[in-house]
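Each remark here refers to the structure printed beneath this line.
Readers should treat all values here as calculations from the given coordinates under stated rules, not as data from a laboratory. Quick caveat: nothing in here was measured; it's all calculated off a predicted structure. Backbone-built Cβ (ideal geometry, glycine too); neighbour counts: all protein chains shown.
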Amino acid sequence: MLFTIVLPATSITTEVESRSWPVLLATPLDDKDILFGKFVGALRRCFPAWLLLFGHIIAFSLIGFIHPLAIIQTGILVIWIIVFLSGSGLYFSSRFKHTTTAVLMNFALVAAIWAILPLLMAIIASINTPFTRDAHKLVNAYLDTNPFVHMGNIMIATAGKRAVVTGIYYWPGRGTMDVVDSTVWMLACMVGYILIGILFAWRAKCQFRRKIF
């Protein structure tokens, strides 16, 4: 995730800082081709780091310590993390002139939606008032979309000496779910985050020719 946060956010700003961005925009490539090329480039640079994760899961699946289902569910998680963070990284890289600013903004986005916001929601929900009685349900429902909760569930349900016994997934908001319902929920989260990532990427494309220098 660290590589996926940093690398897409540097893809445009580095060219802006080196004054090669106007040259790229002057080529016959349209904005869609440039955007797709930046995404593929970021994906290629992040791929070795993610390959280590899947190599670990596959190796331990072969010796029976991790259930092979973890490969599929981790793949679902990794796909939307890459698309979402790459889209946001490209947006911030097109929005700001300096690489440091773009990287920090992508870090700030991740910290805000996956750490700070849930913490603030939990603090507010802990206050016993008529307005916060149902806030716990909202906080727990929001936590169900957190990638760290997803990965924790995958680890608990598929790893260990009893890895063949899948089906025990505990979600803060949705409660205990079986493997089918949990996988469907992971797919639903994947669709949502991918759509947001595509929106970020589209906004990045709209910024390409607004601030060339």
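Looking at this structure, is Leu2 among the hydrophobic types (A, V, I, L, M, F, W, C) and surrounded by 13 or more Cβ atoms within 10 Å (Cβ to Cβ)? When the stated conditions are applied, Leu2 does not pass them.
The condition of being more than 19 Å from Met190 (Cα to Cα) and surrounded by 14 or more Cβ atoms within 10 Å (Cβ to Cβ) holds for only one of Ser126, Ser94, that being Ser94. Total residues in region 1-29 satisfying the condition of being assigned to a loop (DSSP other than H, G, I, E, B) and under 22 Å from the mean Cα position of the chain (by Cα): the figure is 3. Quick one: Thr145 ticks every box in (1) assigned to a helix (DSSP H, G or I); (2) under 25 Å from Trp50 (Cα atoms) except a single one, so which number is it? Status for Thr145: all satisfied but (1).
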